[in-house]
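J.: Following this message is one structure expressed as structure tokens.
The values are calculated or read from the model by the stated rules, or taken from the named source; none is laboratory data. Predicted, not measured: the structure shown is a model, and the values here were computed from it. Glycine also receives a Cβ, built like all others from the backbone with ideal geometry; neighbour counts cover every protein chain displayed. Heavy atoms of the whole protein, side chains included, go into the accessibility calculation; ligands, DNA and RNA do not. Shrake-Rupley method; radii C 1.70, N 1.55, O 1.52, S 1.80 Å.
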Amino acid sequence: MNVQWKITPRVRTLTLTAVMCAVAIALSFLEGLIPDLPMVIPGMKLGLSNVVVMLSLEMLSLPCGMCVVLFKASFALFMRGGVAAVLSLCGGVLSTLVMYLLLKCRKPFFGYLGVGIAGAFMHNLGQLCAAFFFVSDAVFAYFPVLCGLSVLTGAVTGLANHILLNTLMKIMKNHNN
Amino acid sequence: MREVSENRRRRYVSPADFIVAGLVLLFCVASVAMLFFARGEGELSASIYVRGELYETVELSSVKEPMEIEVAGKIPVLISVTSEGAEFKSSGCPDKLCMKSGVLSKNGESAVCLPAGVSLKIESTSSEPEVDAIVG
């Protein structure tokens, strides 16, 4: 018996997307274990799954990144209910689109710092707008803090993405040779 | 599978990033300024909104003894109001984030319980111009 496994580009994209989805879920779970920082809005999170979305956009494509967002939202639907799912979806889609545009942009050439910050900011903005429809304009009181914090969290996720991507590329190059 | 070639590899920091960071910080400062100027003087009151509609307003100065307001619904919420401020006392929501916001006492402060769709806001009764609603 000699089974030949052929890894075509399509299979590779499929498996990588699946892995990205799984990692995104795992990261957002782990993130929930981090206790709330003092002086910060309760519920404010680092947005580690943004790293995965950024990674999918760079290594794969926009549809794959959206796939991760959709998967995360559907997970939120089962675990935390409809409101959480819509919030996750609005933030995710907006941030993914903006990050994709910034990554596409060749001139000026944005670094991961800028992409991370823009992604974090847009995620917050999308969620806030969705929350506005659910509750009231009271949510916009959070806006200034969210802006300030998205610079910090974006810098962290951008750095994580930078390191991860370089490492992954090195591994894949060695693997291919 | 898109390979990122050596010479086109993106760096962590590029000059254009500071434009992005600057813009976001500008939003931050601008929104702080807006919220600051939207604050009026006068009597403070605690308003409870349920799904965007005003549910109840309590003038803080008229509160002699701590009182509790219950918002019934799929997720029941208990809000306590004293002459000093108002807070989410308890909520049936899973994450209890609204309760962590603590006591709200200053004008413009607000807390939200998203799962229940209830928001609590400290407002000034004397000046409530219509534009503020749009600025939010």
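J.: Inside 10 Å of the C-beta atoms of A:72-83, what's the mean count of C-beta atoms belonging to other chains?
T.: Whole-number average of other-chain Cβ neighbours for A:72-83 is 1.
J.: Follow-up. Using a Förster distance of 25 angstrom, determine the FRET efficiency expected from the C-beta separation of A:Asn174 and B:Arg11, and round it to 0.05.
T.: Working from the Cβ atoms, E equals 0.65.
J.: Right, next: I need the phi-derived Karplus couplings for segment B:110-122: 6.51 cos²θ - 1.76 cosθ + 1.60, θ = phi - 60°, integer Hz, Gly and Pro marked x.
T.: Karplus-based 3J(HN,Hα) across segment B:110-122 equals 8, 9, 10, 10, 4, x, 8, x, 10, 10, 10, 9, 9 Hz.
J.: Report the calculated FRET efficiency for B:Met67 and B:Leu25 (r = Cβ-Cβ distance, R0 = 51 Å), to the nearest 0.05.
T.: Efficiency, rounded to the nearest 0.05: 0.80.
J.: A follow-up question, please. So which of A:Lys45/B:Lys96; A:Lys72/A:Lys107; B:Lys100/B:Lys121 end up more than 22 Å apart by C-alpha?
T.: From the list (A:Lys45/B:Lys96; A:Lys72/A:Lys107; B:Lys100/B:Lys121), the Cα-Cα distance tops 22 Å for A:Lys72/A:Lys107.
J.: If you count, for every residue in A:120-130, the Cβ atoms of partner chains within 10 Å of its Cβ, what is the mean?
T.: For this peptide, the per-residue mean of nearby foreign Cβ atoms is 1.
J.: Still on this model: So how do A:11-17, B:43-49, B:68-74 stack up, highest first, on mean other-Cβ count within 10 Å?
T.: Ranked from most to least packed, the peptides come out as B:43-49, A:11-17, B:68-74.
J.: Another question about this same structure. Please work through chain A and write down the cysteines that have no neighbouring cysteine Cβ at a distance under 4.7 Å.
T.: Flagged as lacking a Cys partner: A:Cys21, A:Cys64, A:Cys67, A:Cys90, A:Cys105, A:Cys129.
J.: Connecting C-alpha atoms closer than 10 Å in a GNM of chain A, tell me which of A:Tyr112, A:Tyr142, A:Tyr100 has the biggest fluctuation.
T.: Evaluated over chain A, the most mobile residue of the options is A:Tyr142.
J.: Using a 1.4 Å probe on protein heavy atoms only, how many Å² of accessible area do B and A hide from each other, summed over both chains and rounded to 100?
T.: 4000
J.: Here's a follow-up. Given a Förster radius of 51 Å and the C-beta distance between B:Lys89 and A:Arg106 as r, what FRET efficiency does 1/(1 + (r/R0)^6) yield to the nearest 0.05?
T.: The pair B:Lys89/A:Arg106 has a calculated efficiency of 0.40.
J.: From the backbone phi of segment A:60-68, what are the Karplus-calculated ³J(HN,Hα) couplings (6.51 cos²θ - 1.76 cosθ + 1.60, θ = phi - 60°) in whole Hz, Gly and Pro given as x?
T.: In residue order, the calculated couplings are 10, 7, 4, x, 5, x, 5, 4, 4 Hz.
J.: Please average, across the residues of B:92-100, the number of beta carbons from any other chain that are within 10 Å of each residue's own beta carbon, and give a whole number.
T.: 3
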